[in-house]
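Participant: This is the structure I have questions about; it appears just below.
The values are calculated or read from the model by the stated rules, or taken from the named source; none is laboratory data. Values in this document were obtained by computation on a predicted structure and should not be read as measured data. Don't worry about glycine lacking a Cβ; one is built from the backbone with ideal geometry, like all the others, and counts go over all protein chains shown.
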Amino acid sequence: MKHAIDTRAYVVISPGRNEADYMRRTLDSMVAQSERPALWVIVDDGSTDDSPQILAEYTAAHDWIRVVHREDRGKRAVGPGVIEAFYAGLETVTLSEYTYLCKLDLDLDLPPTYFAGLMDRMEAEPRVGSCSGKTWYSGPQGQQISEGIGDEMSIGASKFMRVSCFNQIGGFAREVMWDGLDCHKARQLGWIVGSWDAPELAFEHLRPMGSSQTNIHVGRRRHGFGQYYMGTGPVYLVASAINKMRQPPYVTGGLSILQGYFGAMLRRDPQHGDAELRAFIRAYQRRALSVGKARAASEIEAERADLWSPETV
């Protein structure tokens, strides 16, 4: 029989490149966690700034932090590049030794009870397979601006999962919309996915979501392409883009999403290879347009409860 502490053993993998401006706050917030990870693997994806020196400082002080160095690819990689770096870290881990797995970005400031709070909630509901808290970032006048993560999704910046769920969904897709596909695939298999709006789980995104490559409009166009790749229907995409126009950058951010999506459609870019999952996503989206995303997700989770298995099959 496993010792009780094993049931809360978690491993964190953090891909990053040139994160010297942000990573100290992430590192310090991890050191301050009330329940630290059993292992934190940080993948330095060819940094050319002070990141290696900063990481060396922290690994010398904390034996539960390990760094994997990759060669400089000459640019910051997002989407599939991030997941490639994630898997470079995962390859160094014996995943069966842990109950939970987290993919964590290096531009976050987490509250000290963050991981303990997530595990408490997952222990209370064993069907929760993937979850996170909510993110915010500082506005021009220092105000806290929500990144608008829906309750039915777990955010890619801090993707906390049961290892059994991660294995069942086949891991992360190596494409832009990996952090949406995993949520839908988990729900398709009977898992519950979500994020909670609670003070002990609210964390700061030091670099606004979607702004990590060139500028935020490039990120929004990338998001639109990712929605196309995932199989999102055009009506749902237009509604989503209009909704995004209410968030900074106002109007133009939503237009960039439309440009990314319909550009991919006109080019007939390839879509995710799981046709059944794409159909599942579109059915969910049609229902969400009628009753809202949270209710549509709850209905699916109730309908698919019998499909849930806590173990990897």
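Participant: I'm trying to understand the selection: among the residues of segment 169-192, which are over 27 Å from Gly254 (Cβ atoms) and in a helix (DSSP H, G or I)?
Facilitator: Selection gives Ala186, Gln188.
Participant: May I pose another question? Scan Arg278, Arg304, Arg295 and give me the residue that is of a type outside the set (Phe, Trp, Tyr) and more than 17 Å from Ile169 (Cα to Cα).
Facilitator: Of Arg278, Arg304, Arg295, the one residue that is of a type outside the set (Phe, Trp, Tyr) and more than 17 Å from Ile169 (Cα to Cα) is Arg295.
Participant: Name the single residue that is nearest to Leu201 (Cα to Cα) among those in segment 8-64 being of a type in the set (A, V, I, L, M, F, W, C) and surrounded by fewer than 16 Cβ atoms within 10 Å (Cβ to Cβ).
Facilitator: In this case the residue turns out to be Ala32.
Participant: Continuing with the same structure: Which residues, taken from segment 41-67, are in contact with a strand residue (DSSP E or B) (Cβ under 9 Å, 6 or more places away or on another chain), within 22 Å of Val82 (Cβ to Cβ) and either assigned to a helix (DSSP H, G or I) or among the β-branched types (Val, Ile, Thr) (or both)?
Facilitator: Val41, Ile42, Val43, Ser51, Pro52, Leu55, Tyr58, Thr59, Ile65, Val67
Participant: Does at least one position in segment 187-197 carry a residue that is buried (at least 18 other Cβ atoms within 10 Å of the Cβ), out of contact with any Cys (no Cβ under 9 Å at 6 or more places or on another chain) and of a type in the set (A, V, I, L, M, F, W, C)?
Facilitator: The answer is no, given that none of the residues of segment 187-197 is buried (at least 18 other Cβ atoms within 10 Å of the Cβ), out of contact with any Cys (no Cβ under 9 Å at 6 or more places or on another chain) and of a type in the set (A, V, I, L, M, F, W, C).
Participant: Only residues that are outside any loop (DSSP other than H, G, I, E, B) and either basic (Lys, Arg) or over 20 Å from Tyr137 (Cβ atoms) (or both): list them for segment 16-40, please.
Facilitator: Across segment 16-40, the qualifying residues are Arg24, Arg25, Val31, Leu39, Trp40.
Participant: Go through segment 254-265 residue by residue and tally those that are crowded, with 21+ Cβ neighbours inside 10 Å and within 12 Å of Arg222 (Cβ to Cβ).
Facilitator: Count: 4.
Participant: Sticking with this structure for a sec: Quick check, is Cys131 modelled with pLDDT of 95 or more, assigned to a strand (DSSP E or B) and crowded, with 16+ Cβ neighbours inside 10 Å?
Facilitator: It is true that Cys131 is modelled with pLDDT of 95 or more, assigned to a strand (DSSP E or B) and crowded, with 16+ Cβ neighbours inside 10 Å.
Participant: So, one more: Select from segment 137-168 the residues that are among the polar types (S, T, N, Q), farther than 22 Å from Thr94 by Cα and in a strand (DSSP E or B) and write down the one among them that is nearest to the chain's Cα centre (by Cα).
Facilitator: Ser146
Participant: Give me the residue from segment 220-252 that is of a type in the set (D, E, K, R), out of contact with any Ser or Thr (no Cβ under 6 Å at 6 or more places or on another chain) and more than 17 Å from Gln271 (Cα to Cα) and, out of that set, surrounded by the most Cβ atoms within 10 Å (Cβ to Cβ).
Facilitator: That would be Lys244.
Participant: Only residues that are crowded, with 18+ Cβ neighbours inside 10 Å, closer than 12 Å to Glu204 by Cβ and among the polar types (S, T, N, Q): list them for segment 141-167, please.
Facilitator: Ser158, the sole residue that qualifies.
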